[in-house]
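Notes follow once the structure below has been shown.
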Amino acid sequence: DFGRSSELAFVVEPSDDIAVQEQPLILYCQVEGIQPITITWRKNGAMIVDSENAFMLANGSLYVSRFQRVRGDGSSDEGEYDCMAQNHYGLLVSRKAKIQAATMSDFHIHPQNAVVEEGGVARFQCQIHGLPEPVILWHKNSMPVNTDNERYTLLPKGVLQITGLRAEDSGIFHCVATNIANVKFSREARLTVSGSHSTVYKDPMILVGPENLTLTVHQTAVLECIATGNPRPIVSWSRLDGRPIGVEGIQVLGTGNLMISDLTVQHSGIYVCAANKPGTRVRRTAQGSLVVQAPAEFVQHPQSISRPVGTTAIFTCVAQGEPPPQITWLRNGQILETSDHIKLKNNNSTLSIYGINQADEAIYQCLAENSAGSTQASARLTVLWADGLPSPPQGVRAETVSATTIQVSWEKPLQNTKEIIGYVLHIRKAADPVEMEYQEAVSKSTFQQLVTDLEPSTSYSFYIKAYTSRGASKASEVTVVSTLGEVPAMPSLFIKVINSTTVQATWEPSIKLGQHEGFKLYYRKVHLSQYTGPVLLASNVTAYNITHLDASVVYEVKLLAYNQHGDGNSTVRFVSLRETVERTVLNPPCDCMKDEQNNKTSTTGIIIGIHIGVTCIIFCILFLMFGYRGRLLMCKNVQEQLSTPQIPRSQRSATGLVLNGATRRDRDDRDLNGKQLDMNELERLFPASPSQEQQEKGITSAHSLSASHDETQISTLPLDEFSIIEEQPDPLPKTPHGSSPAALAPDHSPANEG
């Protein structure tokens, strides 16, 4: 690689300019690089031949002695100029410089007479076109307007604003436009200030709002906004997108004009001017758009590279600008034509050259251009070639082995074979671009390669290169061969029983099978050798119903896909319809109306049970409130240990009253006797002496009461687990404090025995 200073490059390029009629013009061009270097100039793409009017200076610049916008022969010196530099390594083209003639038109807007009351706002405007943009100044009564007066505001586009008018502001105004081409004067206009300052209320009103502007970065934008009203409105600015305007480079001219200096692309947007009545929300608005363009500039330049013959060279050129620039590539000053081995990608940002050879050695340029300007960058490709490299491999042949395999063979080169360290086989689908090529390395003693994992019925191209430590040989001749066709893969088959005589065969979509024309379906009874079929089905069919089957036998179903190369492997499934018939007999259809009625009955029973339970709880609470000595339907673990022995079942009174858990015979007897407890019966069942405490009331539970419990637990249990027993007094030892001889004992018998 050569250093940057040795490469051909521009130090100074021609720039855009505005020329004055009949005046000389110089376009500069300075180049560095390895001599000798030849410089030539072009205008609008045509070579410029030295003449009396235009010729090249010794430093390479172009000198135009008398610039003419239009010559006698109809030609013009206006146009796009570029310079070209060439040396032994290639040719370079500069950016295009746009040359225009300085001009100035007549005024197309002149100031108009105005009569404004005192304290109001006056505005004069004159407008003229020219190159370069004319500078406009204002005169009052033939004297330049005093710009030190804060009430006088001069805007760049030829606008004069006068606020807070006074009687001395009356006079005759005109504007003067000046540029390098000419000086012109507008017509005169009279300003008359009438009456005194009015105190009548006036809604805010915007006389002139901002206009749409398109400018270039680093220029200055002035957005005009002049408003009237009584009281005088307050002018404010905002962006329509809600983003802040910022403060850097922002200035207010006069009473409400917005000036933005040193424009950037971020300043683009829609700006809103608002005239607000002080102290209220009354406002009027106007808006204008600002578009800021940026000339093309490079984010990434292409870099000069050196590559051996047969390899790939890649140049990258990334540019930005507003609007986004277009990228064009040149090769030695000429538009680069793409081909099989020269490709442009990523919106022309990437240039790839495949299989480079000596003819590709050149200077490659990237030109980026938009409406705001253009720029260029260059890089050189050096192709490395060493003497004594092998000649191309000979006799390349390719033979088809199968639908996915091809065998490639070759013979060693005819010359310079001693330094060969290996071969590289280049493989590509014949229909693919060059960049889709891939390689397989082979040892120097191998002269054939089996290429696998190829696609069926596809053409492939092959060529060979021999490699040494100093580089590669030229490519061998290219050979093209196609793989064999392939039968489709096995489809995935599923069988679904529809009824006692019909089954449905389904399979996966055809995209998973490869190339095929359709399906063949066979079926038979397993004890027979003859198939029914084939049933030919189209490639887009994925289901088929097999009908009129015998439910008493087992069937075999077979499916395969086929194409022009033959039938693929089949998928086999077995199916029996006997179980379907048996399920139909054993499981007749349900009586849905009957089940629904049973569900309703069960629901009704649950509701009635809940009501009964609630009634019983209320009944218990009433007994507790009136102090009765029996507690119904509750279970209580008493802290102190019960010492009274259990009464044997044989000694229990036959007159014992069973409230819950009684047998059906007992319940029937109670129903006949009109089972109701009155107060006397309860007192007889639960006798107590006057001195006995309320805590000695008895409740016998069907569950054992644990005397070891340290805390009392009260729980609500199902009614069927409780019974109330009248105990017969036995000759027991007297209890202390004159307690009743009646005993409290847990009942360990089943609840339904009472």
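The values are calculated or read from the model by the stated rules, or taken from the named source; none is laboratory data. Since the model is a prediction, treat every value here as computed from it, not as a measurement. Every residue, glycine as well, gets a Cβ built from its backbone with ideal geometry; the counts of neighbours run over all protein chains shown. All accessible areas refer to the heavy atoms of the entire protein, side chains included, with ligands and DNA or RNA removed. Shrake-Rupley method; radii C 1.70, N 1.55, O 1.52, S 1.80 Å.
Residue 204 fulfils the conditions (1) surrounded by fewer than 16 Cβ atoms within 10 Å (Cβ to Cβ); (2) under 51 Å from the mean Cα position of the chain (by Cα) except for a single criterion, (1). Of 408, 383, 299, 396, all but one fail to be in a strand (DSSP E or B), at pLDDT below 90 and among the β-branched types (Val, Ile, Thr); the exception is 383. If you check 121, 176 for being of a type in the set (A, V, I, L, M), over 24 Å from residue 233 (Cα atoms) and either open to solvent by less than 40 Å² (accessible area, probe 1.4 Å) or in the same structural domain as residue 69 (by the TED database) (or both), only one passes: 176. Look at (1) more than 48 Å from the chain's Cα centre (by Cα); (2) in a strand (DSSP E or B) and you find that residue 58 fails only one, number (2).
In this entry, residue 22 is excluded by the filter for residues that are among the charged types (D, E, K, R), more than 51 Å from the chain's Cα centre (by Cα) and closer than 30 Å to residue 159 by Cβ. Of everything listed in (1) surrounded by 19 or more Cβ atoms within 10 Å (Cβ to Cβ); (2) within 30 Å of residue 304 (Cβ to Cβ); (3) in contact with an Asp or Glu (Cβ under 8 Å, 6 or more places away or on another chain), the single unmet condition for residue 406 is (2). Scanning segment 257-281 for residues that are closer than 16 Å to residue 239 by Cβ and part of a loop (DSSP other than H, G, I, E, B) yields a total of 3.
In contact (Cβ under 8 Å) with a residue 12 or more places away in the chain, in a strand (DSSP E or B) and touching a Pro at 6+ places or on another chain (Cβ under 6 Å) - does that describe any residue in segment 339-350? Scanning segment 339-350 turns up no residue that is in contact (Cβ under 8 Å) with a residue 12 or more places away in the chain, in a strand (DSSP E or B) and touching a Pro at 6+ places or on another chain (Cβ under 6 Å). Screening residue 224 against (1) acidic (Asp, Glu); (2) modelled with pLDDT of 90 or more; (3) open to solvent by 30 Å² or more (accessible area, probe 1.4 Å) leaves a single unmet condition, (3).
Residues in segment 239-254 that are open to solvent by less than 50 Å² (accessible area, probe 1.4 Å) and either within 22 Å of residue 291 (Cβ to Cβ) or among the hydroxyl-bearing types (Ser, Thr, Tyr) (or both): 239, 245, 246, 249, 250, 253. Of the candidates 14, 36, the single residue that is under 23 Å from residue 371 (Cα atoms), outside any strand (DSSP E or B) and either of a type in the set (S, T, N, Q) or touching a residue at least 40 places away in the same chain (Cβ under 8 Å) (or both) is 14. In a residue-by-residue description of segment 136-143, the property of being surrounded by fewer than 14 Cβ atoms within 10 Å (Cβ to Cβ) and part of a strand (DSSP E or B) applies to at least one position. Within segment 415-429, if we keep just the residues that are outside any strand (DSSP E or B) and modelled with pLDDT of 90 or more, the residue that is most open to solvent (accessible area, probe 1.4 Å) turns out to be 421.
Taken over segment 157-198, the criterion of being in a loop (DSSP other than H, G, I, E, B) and either under 60 Å from the mean Cα position of the chain (by Cα) or under 26 Å from residue 134 (Cβ atoms) (or both) is satisfied by 157, 158, 163, 164, 165, 179, 180, 181, 182, 186, 187, 188. Does residue 80 count as assigned to a strand (DSSP E or B), more than 29 Å from residue 359 (Cα to Cα) and not assigned by the TED database to the domain that holds residue 359? Criteria met by residue 80.
Consider segment 209-218 and keep the residues that are in contact (Cβ under 8 Å) with a residue 60 or more places away in the chain and either outside any strand (DSSP E or B) or not assigned by the TED database to the domain that holds residue 238 (or both). The one that is nearest to residue 229 (Cα to Cα) is 209. Identify all residues within segment 87-108 that are touching a strand residue (DSSP E or B) at 6+ places or on another chain (Cβ under 8 Å), open to solvent by 20 Å² or more (accessible area, probe 1.4 Å) and over 28 Å from residue 372 (Cα atoms); write none if there are none. Residue satisfying the conditions is 89 alone.
Residues in segment 15-39 that are more than 29 Å from residue 179 (Cβ to Cβ) and surrounded by fewer than 18 Cβ atoms within 10 Å (Cβ to Cβ): 7 in all. For segment 355-400, the set of residues classified as open to solvent by 20 Å² or more (accessible area, probe 1.4 Å) and either free of Cβ contacts under 8 Å to residues at least 60 places away in the same chain or charged (D, E, K, R) (or both) consists of 358, 359, 361, 369, 387, 395, 397, 399, listed by residue number. Residues that are open to solvent by less than 60 Å² (accessible area, probe 1.4 Å), among the aliphatic types (A, V, I, L, M) and modelled with pLDDT of 85 or more within segment 492-544 comprise 493, 495, 497, 503, 505, 521, 535, 537, 538, 541, 543, listed in sequence order. The set of residues from segment 447-483 being farther than 17 Å from residue 401 by Cβ and loosely packed, with under 15 Cβ neighbours inside 10 Å comprises 469, 470, 477, 478. Looking only at segment 406-424, residues that are closer than 25 Å to residue 486 by Cα and either out of contact with any Phe, Trp or Tyr (no Cβ under 6 Å at 6 or more places or on another chain) or not aliphatic (A, V, I, L, M) (or both) come to 3 in all. Across segment 69-83, the qualifying residues are those that are of a type outside the set (Asp, Glu) and open to solvent by 20 Å² or more (accessible area, probe 1.4 Å), and the one among them that is modelled with the lowest pLDDT is 72. Suppose the filter is in the same structural domain as residue 215 (by the TED database), open to solvent by 60 Å² or more (accessible area, probe 1.4 Å) and touching a Pro at 6+ places or on another chain (Cβ under 8 Å); does residue 270 pass it? In short, no. I'm checking my understanding of the structure. Among residues of segment 542-579 that are touching a helix residue (DSSP H, G or I) at 6+ places or on another chain (Cβ under 9 Å) and either without any contact (Cβ under 8 Å) to a residue 60 or more places away in the chain or among the hydroxyl-bearing types (Ser, Thr, Tyr) (or both), which one is nearest to residue 502 (Cα to Cα)? It comes out as 551.
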